[in-house]
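So the structure is just underneath, and the comments pick up after that.
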Amino acid sequence: MLTDWLDWTLEGKPASRRSGPLASGHYTLHGPGILELTPESLGANPHACVFSAAIHGNETAPVELLGELLAQIEAGMMALGSPVLVILGNLPALRQGKRFINTNLNRLFQRGLGLEGNEPARARELMTQLDQFYQRHAPLPALHYDLHTAIRTSLYPRFVVEPFGVSDTAGEQWRWLAGADIQAVLHQHQHSWTFSHYSKHYHGAQAFTFELGRVAPFGANDLDALRPMLALLAALAGAQTPDAQPPDSMVFFRVEQEIMRQSHAFTLCFDEDIPNFTAFPSGTLLARDAQAGAFKVGETPLHVVFPNARVEIGARAALLVTPVEGSHSKIF
Ligand SMILES: [Zn+2]
(Lines give C-alpha, C1' and ligand atoms only; values in the text may rest on other atoms or scores of the structure.)
Protein backbone atom coordinates (compact mmCIF):
# COMPACT_ATOMS: atom_id res chain seq x y z
CA MET A 1 0.00 0.00 0.00
CA LEU A 2 2.72 2.51 0.94
CA THR A 3 4.57 2.29 -2.36
CA ASP A 4 1.21 2.31 -4.20
CA TRP A 5 0.44 5.52 -2.31
CA LEU A 6 3.41 7.21 -3.98
CA ASP A 7 2.29 6.09 -7.44
CA TRP A 8 -1.32 7.10 -6.80
CA THR A 9 -0.22 10.48 -5.50
CA LEU A 10 1.91 11.06 -8.60
CA GLU A 11 -0.99 10.02 -10.85
CA GLY A 12 -3.54 12.09 -8.91
CA LYS A 13 -5.65 9.03 -8.05
CA PRO A 14 -7.44 8.86 -4.70
CA ALA A 15 -6.22 6.10 -2.36
CA SER A 16 -8.57 3.17 -1.84
CA ARG A 17 -8.24 3.31 1.98
CA ARG A 18 -7.39 6.20 4.27
CA SER A 19 -5.83 4.02 6.94
CA GLY A 20 -4.59 0.52 7.47
CA PRO A 21 -2.14 -1.77 9.23
CA LEU A 22 1.61 -2.13 8.77
CA ALA A 23 3.90 -4.86 10.08
CA SER A 24 5.05 -2.57 12.91
CA GLY A 25 2.22 -0.06 13.25
CA HIS A 26 -0.34 1.60 11.00
CA TYR A 27 -0.67 4.35 8.38
CA THR A 28 -3.12 7.23 8.01
CA LEU A 29 -3.62 9.44 4.96
CA HIS A 30 -4.36 12.97 6.14
CA GLY A 31 -4.71 14.45 2.66
CA PRO A 32 -3.14 14.42 -0.81
CA GLY A 33 0.59 13.81 -0.40
CA ILE A 34 0.35 13.66 3.42
CA LEU A 35 0.94 10.25 5.02
CA GLU A 36 1.45 9.49 8.70
CA LEU A 37 3.10 6.30 9.94
CA THR A 38 2.42 5.40 13.57
CA PRO A 39 4.55 2.78 15.33
CA GLU A 40 2.97 0.04 17.40
CA SER A 41 5.40 0.99 20.16
CA LEU A 42 8.08 3.66 20.45
CA GLY A 43 11.71 2.61 19.93
CA ALA A 44 14.76 3.52 21.99
CA ASN A 45 15.37 7.03 20.63
CA PRO A 46 12.12 8.37 19.15
CA HIS A 47 11.47 11.73 17.49
CA ALA A 48 8.33 13.18 15.90
CA CYS A 49 9.84 12.89 12.39
CA VAL A 50 8.73 14.94 9.39
CA PHE A 51 10.33 13.91 6.09
CA SER A 52 9.26 16.12 3.18
CA ALA A 53 10.11 16.13 -0.53
CA ALA A 54 8.95 17.81 -3.75
CA ILE A 55 8.41 21.20 -2.14
CA HIS A 56 9.94 21.99 -5.55
CA GLY A 57 8.13 19.73 -8.03
CA ASN A 58 11.07 18.92 -10.31
CA GLU A 59 13.28 17.57 -7.51
CA THR A 60 12.65 13.85 -7.81
CA ALA A 61 15.60 12.11 -6.08
CA PRO A 62 14.14 12.76 -2.60
CA VAL A 63 10.79 11.31 -3.72
CA GLU A 64 12.58 8.13 -4.86
CA LEU A 65 14.50 8.07 -1.57
CA LEU A 66 11.29 8.29 0.48
CA GLY A 67 9.82 5.60 -1.80
CA GLU A 68 12.67 3.28 -0.80
CA LEU A 69 12.13 4.05 2.88
CA LEU A 70 8.39 3.30 2.58
CA ALA A 71 9.15 0.06 0.71
CA GLN A 72 11.48 -1.06 3.52
CA ILE A 73 8.85 -0.31 6.16
CA GLU A 74 6.09 -1.99 4.15
CA ALA A 75 8.20 -5.12 3.60
CA GLY A 76 8.91 -5.31 7.33
CA MET A 77 12.67 -4.94 6.67
CA MET A 78 12.73 -2.39 9.47
CA ALA A 79 10.43 -1.75 12.41
CA LEU A 80 8.87 1.66 12.93
CA GLY A 81 9.89 3.18 16.25
CA SER A 82 8.98 6.85 15.72
CA PRO A 83 5.88 8.55 14.35
CA VAL A 84 6.74 9.74 10.83
CA LEU A 85 4.89 12.29 8.70
CA VAL A 86 5.81 11.89 5.02
CA ILE A 87 4.95 14.88 2.84
CA LEU A 88 5.06 15.46 -0.90
CA GLY A 89 4.84 19.23 -1.20
CA ASN A 90 3.84 20.70 -4.54
CA LEU A 91 1.75 17.98 -6.18
CA PRO A 92 0.61 19.82 -9.36
CA ALA A 93 4.22 20.90 -10.00
CA LEU A 94 5.51 17.37 -9.27
CA ARG A 95 3.08 15.91 -11.84
CA GLN A 96 4.25 18.45 -14.43
CA GLY A 97 7.95 18.12 -13.60
CA LYS A 98 8.14 21.85 -12.77
CA ARG A 99 9.75 23.67 -9.86
CA PHE A 100 6.41 25.41 -9.14
CA ILE A 101 3.15 26.40 -10.86
CA ASN A 102 2.72 30.07 -9.87
CA THR A 103 5.29 30.85 -7.21
CA ASN A 104 8.07 29.26 -5.15
CA LEU A 105 6.34 27.30 -2.38
CA ASN A 106 9.45 27.31 -0.22
CA ARG A 107 9.14 30.97 0.80
CA LEU A 108 5.52 30.86 1.99
CA PHE A 109 5.75 29.02 5.32
CA GLN A 110 4.80 31.94 7.50
CA ARG A 111 1.72 32.16 9.70
CA GLY A 112 -0.69 34.89 8.70
CA LEU A 113 0.67 35.31 5.18
CA GLY A 114 -2.39 36.55 3.29
CA LEU A 115 -1.58 35.36 -0.24
CA GLU A 116 -4.00 33.45 -2.49
CA GLY A 117 -3.39 30.77 -5.10
CA ASN A 118 -2.17 27.20 -5.47
CA GLU A 119 1.10 27.46 -3.55
CA PRO A 120 -0.11 29.70 -0.68
CA ALA A 121 -3.09 27.37 -0.12
CA ARG A 122 -0.76 24.35 -0.03
CA ALA A 123 1.60 26.11 2.38
CA ARG A 124 -1.33 26.76 4.77
CA GLU A 125 -2.45 23.13 4.54
CA LEU A 126 1.05 21.83 5.26
CA MET A 127 1.59 24.23 8.18
CA THR A 128 -1.69 23.04 9.75
CA GLN A 129 -0.68 19.39 9.26
CA LEU A 130 2.70 20.01 10.90
CA ASP A 131 1.12 21.82 13.84
CA GLN A 132 -1.29 18.94 14.44
CA PHE A 133 1.40 16.27 14.00
CA TYR A 134 3.83 17.82 16.48
CA GLN A 135 0.96 18.43 18.91
CA ARG A 136 -0.26 14.81 18.66
CA HIS A 137 3.22 13.54 19.49
CA ALA A 138 4.33 16.01 22.14
CA PRO A 139 6.55 15.72 24.12
CA LEU A 140 8.65 13.78 21.59
CA PRO A 141 11.43 16.00 20.19
CA ALA A 142 10.36 17.48 16.84
CA LEU A 143 12.55 16.79 13.81
CA HIS A 144 12.09 17.93 10.20
CA TYR A 145 14.28 16.99 7.26
CA ASP A 146 13.10 18.78 4.10
CA LEU A 147 14.72 17.02 1.14
CA HIS A 148 15.65 18.83 -2.08
CA THR A 149 18.05 18.63 -5.00
CA ALA A 150 19.85 21.72 -6.34
CA ILE A 151 19.37 23.31 -9.77
CA ARG A 152 23.12 23.32 -10.48
CA THR A 153 26.20 21.28 -9.66
CA SER A 154 27.97 21.98 -6.40
CA LEU A 155 31.53 21.82 -5.09
CA TYR A 156 29.77 19.96 -2.24
CA PRO A 157 27.03 17.89 -3.92
CA ARG A 158 25.35 17.00 -0.60
CA PHE A 159 24.86 19.84 1.87
CA VAL A 160 22.32 21.16 4.36
CA VAL A 161 21.00 24.63 5.09
CA GLU A 162 20.51 25.19 8.83
CA PRO A 163 17.59 27.61 9.19
CA PHE A 164 18.03 30.70 11.35
CA GLY A 165 16.46 30.35 14.78
CA VAL A 166 16.83 30.92 18.49
CA SER A 167 16.96 27.22 19.32
CA ASP A 168 20.30 25.44 18.95
CA THR A 169 20.94 22.48 16.73
CA ALA A 170 21.81 19.46 18.88
CA GLY A 171 25.43 18.31 18.65
CA GLU A 172 24.34 14.80 17.71
CA GLN A 173 22.69 16.19 14.57
CA TRP A 174 26.07 17.29 13.18
CA ARG A 175 27.52 13.84 13.86
CA TRP A 176 24.56 12.13 12.19
CA LEU A 177 24.79 14.43 9.15
CA ALA A 178 28.50 13.61 8.81
CA GLY A 179 27.57 9.92 9.16
CA ALA A 180 25.08 10.36 6.29
CA ASP A 181 27.90 11.62 4.06
CA ILE A 182 26.72 15.25 4.05
CA GLN A 183 29.69 17.37 2.92
CA ALA A 184 28.86 20.95 3.89
CA VAL A 185 26.62 23.01 6.17
CA LEU A 186 25.28 26.49 5.50
CA HIS A 187 24.11 28.53 8.52
CA GLN A 188 21.31 30.94 7.62
CA HIS A 189 21.83 34.45 9.03
CA GLN A 190 18.21 35.62 9.15
CA HIS A 191 14.63 34.38 8.92
CA SER A 192 13.79 32.86 5.55
CA TRP A 193 10.28 31.42 5.42
CA THR A 194 11.15 27.96 4.17
CA PHE A 195 9.46 24.71 5.24
CA SER A 196 12.33 23.62 7.51
CA HIS A 197 12.50 27.11 9.04
CA TYR A 198 8.79 26.79 9.88
CA SER A 199 9.43 23.71 12.04
CA LYS A 200 12.42 25.29 13.76
CA HIS A 201 10.87 28.74 14.28
CA TYR A 202 7.41 27.71 15.47
CA HIS A 203 8.13 24.28 16.99
CA GLY A 204 11.81 24.35 18.03
CA ALA A 205 12.44 21.34 15.78
CA GLN A 206 15.83 20.01 14.77
CA ALA A 207 15.38 21.03 11.15
CA PHE A 208 17.38 21.30 7.95
CA THR A 209 16.87 21.81 4.24
CA PHE A 210 18.88 19.09 2.50
CA GLU A 211 20.35 19.52 -0.98
CA LEU A 212 21.01 15.99 -2.22
CA GLY A 213 22.76 16.31 -5.57
CA ARG A 214 21.41 17.83 -8.73
CA VAL A 215 17.90 18.00 -10.21
CA ALA A 216 17.12 15.10 -12.56
CA PRO A 217 13.94 13.43 -13.83
CA PHE A 218 12.55 10.22 -12.28
CA GLY A 219 14.79 7.25 -13.07
CA ALA A 220 17.87 9.41 -13.78
CA ASN A 221 18.90 9.96 -10.16
CA ASP A 222 22.04 8.45 -8.62
CA LEU A 223 20.52 6.91 -5.51
CA ASP A 224 23.74 5.01 -4.68
CA ALA A 225 25.31 8.28 -3.48
CA LEU A 226 22.32 8.69 -1.15
CA ARG A 227 22.52 5.27 0.58
CA PRO A 228 24.01 6.78 3.78
CA MET A 229 21.20 9.37 3.76
CA LEU A 230 18.60 6.61 3.41
CA ALA A 231 20.25 4.83 6.35
CA LEU A 232 19.88 8.01 8.45
CA LEU A 233 16.16 8.34 7.58
CA ALA A 234 15.62 4.64 8.35
CA ALA A 235 17.42 4.91 11.70
CA LEU A 236 15.29 7.90 12.70
CA ALA A 237 12.05 6.20 11.59
CA GLY A 238 13.10 3.13 13.56
CA ALA A 239 14.08 5.26 16.60
CA GLN A 240 17.53 3.67 16.44
CA THR A 241 20.76 5.61 16.99
CA PRO A 242 22.01 6.71 13.54
CA ASP A 243 25.59 6.17 12.31
CA ALA A 244 27.79 9.01 13.56
CA GLN A 245 31.04 10.50 12.23
CA PRO A 246 33.15 13.43 13.44
CA PRO A 247 31.53 16.65 12.14
CA ASP A 248 34.87 18.09 11.03
CA SER A 249 34.55 16.02 7.85
CA MET A 250 32.04 18.73 6.80
CA VAL A 251 32.82 22.30 5.72
CA PHE A 252 30.79 24.99 7.50
CA PHE A 253 29.70 28.23 5.86
CA ARG A 254 27.78 31.24 7.10
CA VAL A 255 25.56 33.45 4.95
CA GLU A 256 27.09 36.96 4.84
CA GLN A 257 24.80 38.71 2.37
CA GLU A 258 22.07 38.12 -0.16
CA ILE A 259 21.73 39.61 -3.61
CA MET A 260 18.08 40.60 -4.07
CA ARG A 261 16.57 41.22 -7.48
CA GLN A 262 14.98 44.66 -7.29
CA SER A 263 14.12 45.51 -10.90
CA HIS A 264 13.42 44.05 -14.34
CA ALA A 265 16.86 45.18 -15.51
CA PHE A 266 18.80 42.71 -13.38
CA THR A 267 21.80 40.60 -14.39
CA LEU A 268 24.26 38.38 -12.62
CA CYS A 269 27.77 39.11 -13.97
CA PHE A 270 29.03 35.53 -13.96
CA ASP A 271 28.15 32.33 -15.73
CA GLU A 272 25.11 30.97 -13.91
CA ASP A 273 26.26 27.42 -14.57
CA ILE A 274 29.09 27.73 -12.08
CA PRO A 275 28.90 25.15 -9.27
CA ASN A 276 27.40 26.18 -5.94
CA PHE A 277 30.07 27.45 -3.48
CA THR A 278 32.34 28.85 -6.23
CA ALA A 279 34.53 31.60 -4.66
CA PHE A 280 34.93 35.12 -6.09
CA PRO A 281 37.85 37.36 -5.05
CA SER A 282 37.64 40.84 -3.61
CA GLY A 283 36.52 43.46 -6.16
CA THR A 284 34.61 41.07 -8.47
CA LEU A 285 31.43 42.56 -9.97
CA LEU A 286 28.69 40.02 -9.17
CA ALA A 287 25.42 41.73 -10.16
CA ARG A 288 23.90 44.78 -11.83
CA ASP A 289 20.44 46.04 -10.97
CA ALA A 290 18.71 49.16 -12.38
CA GLN A 291 17.36 49.91 -8.91
CA ALA A 292 20.05 48.65 -6.52
CA GLY A 293 23.08 49.41 -8.69
CA ALA A 294 26.24 47.32 -8.95
CA PHE A 295 27.17 44.66 -6.41
CA LYS A 296 30.90 44.06 -5.88
CA VAL A 297 32.70 41.67 -3.55
CA GLY A 298 34.19 43.62 -0.64
CA GLU A 299 37.41 42.83 1.21
CA THR A 300 36.54 39.23 2.02
CA PRO A 301 36.18 36.73 -0.84
CA LEU A 302 32.63 35.40 -1.17
CA HIS A 303 31.29 32.01 -2.25
CA VAL A 304 28.09 32.03 -4.31
CA VAL A 305 25.24 29.60 -3.58
CA PHE A 306 21.84 29.25 -5.33
CA PRO A 307 22.39 31.93 -8.02
CA ASN A 308 19.26 32.49 -10.12
CA ALA A 309 18.74 35.76 -12.02
CA ARG A 310 15.23 34.79 -13.12
CA VAL A 311 13.61 34.97 -9.68
CA GLU A 312 10.61 37.20 -9.11
CA ILE A 313 11.32 40.86 -8.35
CA GLY A 314 11.90 41.25 -4.61
CA ALA A 315 13.21 37.68 -4.30
CA ARG A 316 16.71 36.41 -3.60
CA ALA A 317 18.95 35.98 -6.65
CA ALA A 318 21.98 34.55 -4.80
CA LEU A 319 23.34 33.78 -1.35
CA LEU A 320 26.88 34.98 -0.56
CA VAL A 321 28.66 32.88 2.02
CA THR A 322 32.03 32.54 3.75
CA PRO A 323 33.63 29.55 5.46
CA VAL A 324 33.28 29.64 9.24
CA GLU A 325 36.76 29.49 10.72
CA GLY A 326 37.17 27.58 13.96
CA SER A 327 33.46 26.85 14.03
CA HIS A 328 33.94 23.48 15.69
CA SER A 329 34.64 24.82 19.13
CA LYS A 330 31.61 27.11 18.86
CA ILE A 331 29.16 24.65 17.37
CA PHE A 332 30.06 21.37 18.99
ZN1 LIG B 1 14.43 22.71 -3.90
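The values are calculated or read from the model by the stated rules, or taken from the named source; none is laboratory data. These figures come from a predicted structure and were not determined experimentally. Because the Cβ atoms are built from the backbone with ideal geometry, glycine has one as well, and the counts that use them run over all protein chains shown. Please note that ligands, DNA and RNA were not included when accessible areas were found on the heavy atoms of the full protein model with its side chains. Shrake-Rupley method; radii C 1.70, N 1.55, O 1.52, S 1.80 Å.
Expressed as an acute angle from 0 to 90° and rounded to the nearest 10, what is the orientation of the C-alpha long axis of helix 2-11 relative to the principal long axis of the chain? Value to nearest ten degrees: 50. Exposure check, 1.4 Å probe, all protein chains in place: Ile151 carries approximately 80 Å² of accessible surface. Heavy-atom accessible surface of His30, to the nearest 10 Å², is about 60 Å², with a 1.4 Å probe and all protein chains retained. First measure r as the distance between the Cβ atoms of Thr241 and Asn102, then evaluate 1/(1 + (r/R0)^6) with R0 = 45 Å and state the FRET efficiency to the nearest 0.05. Calculated transfer efficiency: 0.60. Electrostatic tally near His148: other residues with Cβ closer than 9 Å to its Cβ, Lys and Arg +1, Asp and Glu -1, net -3.
Placing pseudo-labels 7 Å out from each Cα toward the beta carbon at Arg95 and Arg152 gives an inter-label distance of 3.3 nm. Helix content alone sets the calculated 222 nm mean residue ellipticity of the chain: runs of n ≥ 4 DSSP H residues at -39500 (n - 2.57) each, divided across all residues, give -7500 deg cm²/dmol. Three principal axis extents describe the C-alpha atoms of the stretch 246-320; from largest down they are 46, 25, 20 Å.
Taken along the Cα-to-beta-carbon direction at a fixed 7 Å, the label points for Asp248 and Asn308 span 3.6 nm.
One decimal place: the segment Ala138-Glu40 gains 33.6 nm when fully extended, by the rule 0.36 nm per residue minus the C-alpha distance. If I take R0 = 22 Å and measure r between the Cβ atoms of Ala231 and Asp7 in this structure, what FRET efficiency does the formula 1/(1 + (r/R0)^6) give, to the nearest 0.05? With a Förster radius of 22 Å, E is 0.35. Please give me, ordered by residue number, the trypsin sites (Lys or Arg not before Pro) of the stretch 274-316 that lie in loop per DSSP and have at most 12 other Cβ atoms within 10 Å. For trypsin sites (Lys or Arg not before Pro) across the stretch 274-316 that sit outside H, G, I, E and B with at most 12 neighbouring Cβ atoms in 10 Å, the list reads Arg310. Our summary gives the chain a relative contact order of 17 percent, counting only alpha carbon pairs under 8 angstrom and 6 or more residues apart. Applying the criteria of a DSSP loop state and at most 15 other Cβ atoms within 10 Å to the chymotrypsin sites (Phe, Trp or Tyr not before Pro) of the stretch 166-262 yields Phe218.
Rolled with a 1.4 Å probe across the full set of protein chains, the surface gives Asp224 an accessible area near 110 Å². Protein heavy-atom surface of the chain, 1.4 angstrom probe: 51% of the accessible area is carbon and sulfur, with nucleic acids and ligands not counted. A simple spin-label model places the labels of Gln262 and Glu68 4.5 nm from each other, with each point 7 Å out along Cα-to-Cβ. Of the listed residues Leu37, Leu42, the order by accessible area with a 1.4 Å probe, largest first, is Leu42, Leu37. Once the Cα atoms are used to define both axes, helix 118-136 deviates from the longest principal axis of the chain by about 50 degrees.
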